[in-house]
Amino acid sequence: MKLLHLADLHLGKNVNGFSMIADQAYILEEILTLAEQKKADGVLLAGDIYDRSVPSEEAVALFDSFLTKLAGLKKQVFVISGNHDSEERLQFGSSLFRAKGIYIAGKYEGTLTCIDIADEYGPFHIWLLPYVRVSQVAHYFPEKTIKTYEEAVQVALEASSLNVSERNVLLLHQFVTGSSRSDAERLALANSGFGAMIRKPELAGSEGFGVSVGTIEQISAACFAAFDYVAMGHIHSPQAVGRETCRYAGSPLKYSLQEREIHQEKTVPLVTFCEKGSMTVELLPLKPRREVRRLRGTLRQLLEHAPGNGTSLDSGGTEDYIYATLTDETVQFEAMARLQEVYPYTMKLDYDNQETRGLQEWDGRIETEGKGFAELIEEFYALIYGGKPTEADWKLLEDVAREAGVIG
């Protein structure tokens, strides 16, 4: 049994005013080619199919085309909703799609959808858990005390009739941490305001939420120990969490410059299942239609040393998505328009010069990307007060942050 694991397509996404539809269509065609070349039996789609709960006509048409082509290739498809998807819209027509081997679980309704298939090694079960919130699970289990996302997911899983002697795959779209701490240790960390100390997955910077993602939303990878493979969505950086077979596929395209600057390469996991306890994970590289790059220099340098002029500043092309950092000491007239004449897909423009560095130093701002709530608070206190928050400070800050929705 060979399955391709995808997630976070975000069809219809716009980045800095640029529609990604053409790039998404390109990468989906590449994935279809891989599915055929590698003789995959099916495709796992772990949520955030669309970028918005009310997707554009283009986005819906693209997903329809993708499913139609997969069905034409005789590939089974297993789909769950993500937090960006509309549960009802994604689930529309799911009963009819089953006849074509397309299984969609858009809305959690008290039970996990399980698709039972088989190969030469015996029975094989694929469990579909769409994105759930605490209130959704609590509604179906009023007799249970459910306060956190981990408790909600545990209750949902316990209600399934899982046969651990056979092979089981789980699809989910949640924030899963790789913490190996005991329940008591993790609870103590969460209550202390130091949830950021729990080992979290590496964010790509394009997920649309901060790395803090309150401790209430964090789920330990240990919850899924009974499953042979856990196909996850929600985090855009491809990575394993807790173990090699508990994995985020990541988004198939780079939706932020950070993904380029940490040298993140996009891949599609191809999971090959043999007998129980035996599987391999092969990461198939993806090559996008356009790369995301940063160019740095004076405006004159960037224009004069563009590719094709004989003395390029780097090995990239003019058709890539460009983030330009100008080092001119003065603001350049119509800089964006002039750059886009040469680099038509310039997405963003900023300056790095004595004035901007002076403003940053004077402002005393803290770099926030990749940091959790507790870490940011500690840095702020160290910067402003030269010390650490007291226990009373922590309680007040957490109450305010929780009310504002910054943490759970």
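Things to note:
- The residue list GLU109, GLU166, GLU120 contains one member that is open to solvent by 30 Å² or more (accessible area, probe 1.4 Å) and in contact with a Pro (Cβ under 6 Å, 6 or more places away or on another chain), which is GLU166.
- Of all residues in the stretch 78-98 being part of a helix (DSSP H, G or I) and touching a Gly at 6+ places or on another chain (Cβ under 9 Å), the one that is most open to solvent (accessible area, probe 1.4 Å): ARG89
- Candidates GLU265, GLU259, filtered to the one that is open to solvent by 10 Å² or more (accessible area, probe 1.4 Å) and either under 19 Å from GLY82 (Cα atoms) or not hydroxyl-bearing (Ser, Thr, Tyr) (or both): GLU265
- Looking across the stretch 113-155, the residues that are of a type in the set (A, V, I, L, M) and within 22 Å of the chain's Cα centre (by Cα) come down to ILE126, LEU128, LEU129, VAL132, VAL134, ALA152, VAL153.
- Condition check for ILE126 on (1) closer than 17 Å to LEU171 by Cα; (2) touching a Lys or Arg at 6+ places or on another chain (Cβ under 8 Å); (3) of a type in the set (A, V, I, L, M, F, W, C): one failure, at (2).
- Qualifying position, being more than 15 Å from VAL268 (Cα to Cα) and open to solvent by 40 Å² or more (accessible area, probe 1.4 Å), among LYS75, LYS69: LYS69
- Flag for PRO55 being assigned to a loop (DSSP other than H, G, I, E, B) and either in contact with an Asp or Glu (Cβ under 6 Å, 6 or more places away or on another chain) or open to solvent by less than 40 Å² (accessible area, probe 1.4 Å) (or both): yes
- For the stretch 319-336, the tally of residues that are hydroxyl-bearing (Ser, Thr, Tyr), within 14 Å of GLN301 (Cα to Cα) and assigned to a loop (DSSP other than H, G, I, E, B) stands at 1.
- Selection from the stretch 28-44 of residues that are open to solvent by 10 Å² or more (accessible area, probe 1.4 Å), outside any loop (DSSP other than H, G, I, E, B) and free of Cβ contacts under 8 Å to residues at least 60 places away in the same chain: GLU29, LEU32, THR33, GLU36, GLN37
- Test for GLU378: is it surrounded by 14 or more Cβ atoms within 10 Å (Cβ to Cβ), modelled with pLDDT of 65 or more, within 30 Å of the chain's Cα centre (by Cα) and of a type in the set (Asp, Glu): yes
- Scanning the stretch 99-108 turns up one or more residues that are assigned to a strand (DSSP E or B), without any contact (Cβ under 8 Å) to a residue 40 or more places away in the chain, in contact with a Phe, Trp or Tyr (Cβ under 6 Å, 6 or more places away or on another chain) and closer than 24 Å to CYS274 by Cα.
- Residue check, LYS287 within 19 Å of ILE27 (Cα to Cα) and over 13 Å from the mean Cα position of the chain (by Cα): yes
- You will find that of SER180, SER161, the residue that is under 18 Å from ALA105 (Cα atoms), at pLDDT below 90, part of a loop (DSSP other than H, G, I, E, B) and open to solvent by 10 Å² or more (accessible area, probe 1.4 Å) is SER161 and no other.
- Cβ-Cβ contacts under 6 Å between residues 6 or more apart (or on different chains), taken from a first residue in the stretch 14-27 that is farther than 10 Å from TYR321 by Cβ to a second residue that is open to solvent by less than 50 Å² (accessible area, probe 1.4 Å), are listed as GLN24/LEU11; ALA25/LEU62; ILE27/PRO252; ILE27/LEU253.
- Conditions (1) part of a helix (DSSP H, G or I); (2) at pLDDT below 90; number of the one not met by GLN136: (2)
The values are calculated or read from the model by the stated rules, or taken from the named source; none is laboratory data. Values in this document were obtained by computation on a predicted structure and should not be read as measured data. Here Cβ is always computed from backbone atoms with ideal geometry, including for glycine, and neighbour counts include all displayed protein chains. Just so you know, the surface numbers come from the protein's heavy atoms only, side chains and all, with ligands and any DNA or RNA stripped out. Shrake-Rupley method; radii C 1.70, N 1.55, O 1.52, S 1.80 Å.
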